[in-house]
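The values are calculated or read from the model by the stated rules, or taken from the named source; none is laboratory data. Note that this is a predicted model, so its numbers are computed, not measured. Positions of Cβ are backbone-derived with ideal geometry, glycine not excepted, and every protein chain shown enters the neighbour counts. Remember, those area values only see protein heavy atoms, side chains included, never the ligands or the DNA or RNA. Shrake-Rupley method; radii C 1.70, N 1.55, O 1.52, S 1.80 Å.
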Amino acid sequence: MKIGFQTSKYNGLTLEEELNFAVNQNAGFFDIFFDEWLPDQITAAEHQTIHKLKMKNFPFTVHLPINTPKLCTDELHSLIHFVKELKPLTATLHFDTVTFEFLKYISDNTAESTVICIENTIPDKHRIYDKKYLNFMKEAVKIAPIQATFDTGHCYANHYDLIQTVDELCYNGIHIATVHAHDNDGTCDAHGTVGSGMIDFQSFFQHLTERKQHPLIVIEHWTDNVTSFERLQKIISNLQKL
């Protein structure tokens with residue numbers, strides 16, 4: 001399992017600085033999260049850095065905007081063009097706002113090498129279909145070749161058992177391609193450092209391995225993320241020794 005860092009609107013760093021940080025930390029990949037911004041805000045220098053990293057086979061993933069289905073036509077075309085050019089390993093959408101029609105559209109308009117992933121959210125309820133995540137995913141896999149982004153913090157804050165949720169996805173033939181790793185105490189979506197809350201990450205990743213799931217792990221919090229990186233590295237290293 002590879003571990004990667006993610007862009008943040010909170011850390012005061014430019015995209016280029018974040019990319020350099022990830023490379024210097026020997027991250028396995030980098031996740032570009034369009035969190036209230038779009039590809040047209042990427043500078044020429046940042047595009048050049050991304051291109052150089054791609055030429056060195058450094059992997060990327062993408063987290064599409066939470067409001068992607070509501071983007072205007074030009075914004076959506078710009079986003080899809082960027083994803084087509086980048087060819088990220090995965091592109092994640094939040095489940096609670098995406099329609100089945102839009103999911104099919106996104107799937108048909110991205111590179112075949114990019115896996116479209118649907119992420120569990122808080123609360124566990126689709127805003128249009130009145131479906132929970134698992135029920136939505138069971139229908140979605142019949143419409144497009146999608147997989148799951150499993151957000152650990154969202155699952156725990158929804159008061160679900162992480163291992164049981166993994167089993168439910170696997171039982172229904174839904175592959176977990178990406179994990180968003182962050183911690184909390186079950187009362188709110190704190191996006192805390194791995195080990196700062198109540199989530200048992202060792203058991204979680206061991207169970208994923210037993211289920212033959214080997215997702216990309218995105219560290220999805222933005223303070224002291226090196227600590228999470230080191231803790232996750234230790235967990236994965238220990239699992240590889242079993």
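The local environment of HIS207, defined by Cβ-Cβ distances under 15 Å, has a net charge of -3 under the rule Lys, Arg +1 and Asp, Glu -1. The HN-Hα couplings worked out from phi for the range 117-129 by the Karplus form 6.51 cos²θ - 1.76 cosθ + 1.60 (θ = phi - 60°) are 10, 10, 9, 5, 10, 10, x, 7, 7, 6, 6, 10, 8 Hz, whole numbers, x standing for Gly and Pro.
Oblate is the label for the range 154-242. Its Cα gyration tensor axes, ordered a ≥ b ≥ c, give a/c of at least 1.5 and b/c at or above a/b. The stretch between GLN41 and MET55 holds 2.8 nm of extra length on full extension. This uses 0.36 nm per residue minus the Cα-Cα distance.
Legend: residues ILE235, ILE143, sorted from most to least accessible area (1.4 Å probe; ligands, DNA and RNA excluded), read ILE143, ILE235. A straight chain from LYS104 to ASP185 at 0.36 nm per residue would run longer than the Cα-Cα distance by 25.6 nm.
When all protein chains stay in place and ligands, DNA and RNA are ignored, the 1.4 Å accessible-area order of SER8, SER113, SER237, largest first, is SER113, SER237, SER8.
For LEU216, the residues whose modelled amide H falls within less than 5 Å of its own, excluding neighbours fewer than 5 places apart on the same chain, are THR178, VAL179. Sequentially through the range 80-94, phi angles give Karplus couplings (6.51, -1.76, 1.60; θ = phi - 60°) of 5, 4, 4, 5, 4, 6, 6, 6, x, 5, 9, 9, 9, 10, 6 Hz, Gly and Pro residues having no value and appearing as x.
The candidate values are [x] 12.3; [y] 13.6; [z] 16.7; the one derived from this structure for mean projected area of the Cα convex hull in nm² carries the label [x]. Would you work out if the range 70-205 is rounded, prolate or oblate? Take a ≥ b ≥ c from the square roots of the eigenvalues of the alpha-carbon gyration tensor; rounded if a/c is under 1.5, else prolate when a/b is larger than b/c, oblate otherwise. Prolate, because a/c is 1.5 or more and a/b exceeds b/c.
The string of couplings for the range 22-27 from the Karplus curve (6.51, -1.76, 1.60, θ = phi - 60°) is 4, 5, 5, 8, 6, 5 Hz, one whole number per residue in order, with x for Gly and Pro.
For the chain, the per residue solvent-accessible surface stands at 48 Å², with DNA, RNA and ligands left out and a 1.4 Å probe.
Using R0 = 45 Å, the C-beta based FRET efficiency linking ASN24 and GLU139 works out to 0.60.
When a/c is below 1.5 the answer is rounded, else prolate if a/b is larger than b/c, else oblate, so apply that to the range 141-189 with a ≥ b ≥ c taken from the square roots of the Cα gyration tensor eigenvalues. Prolate is the answer for the range 141-189, as a/c is 1.5 or above and a/b outweighs b/c. A simple spin-label model places pseudo-atoms 7 Å from Cα toward Cβ; at ASP224 and LYS84 they are separated by 4.4 nm.
So what's the back-of-envelope 222 nm ellipticity for the chain, counting only DSSP H runs of four-plus at -39500 (n - 2.57) apiece and dividing by all residues, rounded to 500? Using -39500 (n - 2.57) per qualifying helix, the result is -12000 deg cm²/dmol. Between the amide H of VAL62 and those of ILE32, THR90, ALA91, THR92, distances stay under 5 Å, these residues lying 5 or more places away or on another chain, with hydrogens modeled in the peptide plane.
Taking Cβ atoms as reference points and 9 Å as the exclusive limit, the residues near PHE60 contribute a net charge of +1, counting Lys and Arg as +1 and Asp and Glu as -1. Restricting attention to the chain, close to 5% of DSSP beta bridges with both partner residues there are antiparallel.
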